[in-house]
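Taking it in order: structure first as structure tokens, then the write-up.
The values are calculated or read from the model by the stated rules, or taken from the named source; none is laboratory data. Predicted model, so just to flag it, every value in this text is computed and none were measured. Positions of Cβ are generated from backbone atoms using ideal geometry, with glycine treated the same way; all protein chains shown enter the neighbour counts. Each accessible area value is taken on the protein alone, full model and side chains, heavy atoms only, with ligands, DNA and RNA left out. Shrake-Rupley method; radii C 1.70, N 1.55, O 1.52, S 1.80 Å.
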Amino acid sequence: MHELSITREIVDLATDKAGGRRVTRIALVIGQLSGIVSDAIRFCFDVCACSTAAEGARLDIEEIPGRGRCRVCGLEVPLEQPFGQCECGSVRIEVIAGEEMRMKEMEVA
Ligand SMILES: [Zn+2]
């Protein structure tokens, strides 16, 4: 379950940035093609944040839908997996959104 190590990194990053202050809110952006399960992050968060400056912080997760661009005709297509097919018949789709995972915002007390 790689979400556990990802969540640990998020908590480390947030508490580092907070510089000893209490973290009250963390907002994450998770792409739907990233392979990261939001519910698993939520589940791990309480465990990872326990006894840190981020204990009790609110966790907001924004999910970004997958999007690709056809390398042949340039059309943008929605993607539910990191591959797909364009209306023109091409399967040469470049993923342009949905693979990211980052911390968008955080708030400290
Ligand atoms: Zn196309």
Tell me which residues, restricted to segment 58-87, are of a type in the set (D, E, K, R) and more than 10 Å from the ligand (Cβ to nearest atom). Arg58, Asp60, Glu62, Glu63, Arg67, Glu80
Identify all residues within segment 85-109 that are in contact with an Asp or Glu (Cβ under 8 Å, 6 or more places away or on another chain) and buried (at least 17 other Cβ atoms within 10 Å of the Cβ); write none if there are none. none
Arg42 loosely packed, with under 13 Cβ neighbours inside 10 Å and not β-branched (Val, Ile, Thr): no
Segment 68-84, subset at pLDDT below 95 and not small (Gly, Ala, Ser), residue most open to solvent (accessible area, probe 1.4 Å): Glu80
Do any strands (runs of 3 or more DSSP E) lying entirely in segment 40-109 carry at least 2 residues that are without any contact (Cβ under 8 Å) to a residue 60 or more places away in the chain and out of contact with any Cys (no Cβ under 7 Å at 6 or more places or on another chain), and which ones are they? 58-64, 66-70, 76-79, 93-97
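State all residues of segment 1-35 that are outside any helix (DSSP H, G or I), of a type in the set (A, V, I, L, M, F, W, C) and modelled with pLDDT of 95 or more; if no residue qualifies, say none.
Step one: of segment 1-35, the residues outside any helix (DSSP H, G or I) are 1-2, 19-35.
Filter again for of a type in the set (A, V, I, L, M, F, W, C), leaving 1, 23, 26-30, 33.
Of everything in segment 1-35, those that are outside any helix (DSSP H, G or I), of a type in the set (A, V, I, L, M, F, W, C) and modelled with pLDDT of 95 or more turn out to be Val23, Ile26, Ala27, Leu28, Val29, Ile30, Leu33.
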When Cys50 is run through (1) away from the ligand (no atom under 16 Å from the Cβ); (2) among the hydrophobic types (A, V, I, L, M, F, W, C); (3) surrounded by 15 or more Cβ atoms within 10 Å (Cβ to Cβ), the failure sits at (3)
Flagged in segment 1-26 as surrounded by 21 or more Cβ atoms within 10 Å (Cβ to Cβ) and either out of contact with any Phe, Trp or Tyr (no Cβ under 7 Å at 6 or more places or on another chain) or free of Cβ contacts under 8 Å to residues at least 12 places away in the same chain (or both), in numbering order, are Ile10, Val11, Ala14, Thr15, Val23, Ile26
